[in-house]
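Data first, discussion second: the structure below is written as structure tokens.
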Amino acid sequence: MIVRVGITLTGNVLQPLSIPLPTWSLLVADVTIPRAIVDVPDGDVPADVAAYVAATPTPDLITPLLTPFPAALARSWREHLARRYDLGEARWKPEVA
Amino acid sequence: MRISSYAVARPAWYDRQPVEIAYQFSGSTGGFTNGDQFTYTVPAGKLFYLDSAFGGQWVATAVTASGVCQSAVVITPSGGTSVQPVDTRTYVQLTAGTTQIQNLGGSILVKPAGTVIGYAVITATGGDVRMSCAVHGIEFSQ
């Protein structure tokens, strides 16, 4: 599944961005925005977040979201990843941006 | 009277819900963001048999200022030290036609929460350097 997410800047020129997901493949990123479009396994995205992604077009890195990403979906995604990767407290906090 | 019993046979690893995993990155000077290009984390209850990894760089047009050109595959075991069994890294000024490729010799078994990362960096400027890294493996249930 292709998702646009907000990214964290690290300040390191060799590794300038940090993507808050356990498994991803980078398609395109812009550190000045900062956003990235990544491909993530379908199993890493809970059904409610997948429905939001399907309903919210992100044709490029610049166009804002039609509807803001709800905090409840952010929490759902964090907990889904914590369960799937069995690391107890949520380690990744991804948000569609 | 039962005098013997056989435990239920456990399927071989390749029959334990195998999922084929593959990642590929390709990019050239100015066309990608330095750093991690893909990350795979082994989920809980799974193991990952990495059977193939590749890193390569080749120079279409010579760079104008030398710097790092690196294409690597980085394995970090959960709670362990990262290793780079595939790493093409050059610091010298490259000339057109130069090629560096490296294939993983053998295979690696990665345990839950371990990561496999494709890493590519160009800090040399100018010219046109093509980068690639790829991994393939089978994820299966413990």
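Table for the structure above
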| quantity | calculated |
| --- | --- |
| Single residue of the stretch B:20-59 satisfying the filter (within 8 Å of chain A (Cβ to nearest Cβ) and in contact with a helix residue (DSSP H, G or I) (Cβ under 9 Å, 6 or more places away or on another chain)) that is surrounded by the fewest Cβ atoms within 10 Å (Cβ to Cβ) | B:A44 |
| One residue from A:A36, A:A29, A:A54, A:A97 being loosely packed, with under 14 Cβ neighbours inside 10 Å and among the hydrophobic types (A, V, I, L, M, F, W, C) | A:A54 |
| Residues that are outside any strand (DSSP E or B), farther than 15 Å from A:V96 by Cβ, among the β-branched types (V, I, T) and touching a residue at least 12 places away in the same chain (Cβ under 8 Å), drawn from the stretch A:3-29 | A:T23 |
| Count - residues of the stretch A:32-55 that are in contact (Cβ under 8 Å) with a residue 12 or more places away in the chain, within 28 Å of B:I21 (Cα to Cα) and not in a strand (DSSP E or B) | 12 |
| Yes/no for B:I108 being within 22 Å of A:I19 (Cα to Cα), under 19 Å from the mean Cα position of the chain (by Cα) and surrounded by fewer than 22 Cβ atoms within 10 Å (Cβ to Cβ) | no |
| Tally, over the stretch B:18-71, of residues that are farther than 30 Å from B:G126 by Cβ and outside any strand (DSSP E or B) | 5 |
| Single residue of the stretch A:49-97 satisfying the filter (among the charged types (D, E, K, R) and in contact with a strand residue (DSSP E or B) (Cβ under 9 Å, 6 or more places away or on another chain)) that is farthest from the other protein chains (Cβ to nearest Cβ) | A:E95 |
| Listing of strands (runs of 3 or more DSSP E) fully contained in the stretch B:83-129 that carry 3 or more residues being modelled with pLDDT under 90 | B:83-90 |
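Every residue, every condition in (1) touching a Ser or Thr at 6+ places or on another chain (Cβ under 7 Å); (2) hydrophobic (A, V, I, L, M, F, W, C); (3) more than 19 Å from B:F25 (Cα to Cα), yes or no:
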{"residue": "A:T8", "(1), (2), (3)": "yes, no, yes"}
{"residue": "A:S18", "(1), (2), (3)": "yes, no, no"}
{"residue": "A:V45", "(1), (2), (3)": "no, yes, yes"}
{"residue": "A:A50", "(1), (2), (3)": "no, yes, yes"}
{"residue": "A:V53", "(1), (2), (3)": "no, yes, yes"}
{"residue": "A:L65", "(1), (2), (3)": "yes, yes, yes"}
{"residue": "A:P70", "(1), (2), (3)": "no, no, yes"}
{"residue": "A:H80", "(1), (2), (3)": "no, no, yes"}
{"residue": "A:Y85", "(1), (2), (3)": "yes, no, yes"}
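The values are calculated or read from the model by the stated rules, or taken from the named source; none is laboratory data. The shown structure was predicted, so the numbers you read here are calculated from the model rather than taken from an experiment. Neighbour counts are summed over all protein chains in view; Cβ atoms, including those assigned to glycine, are modelled from backbone coordinates with ideal geometry.
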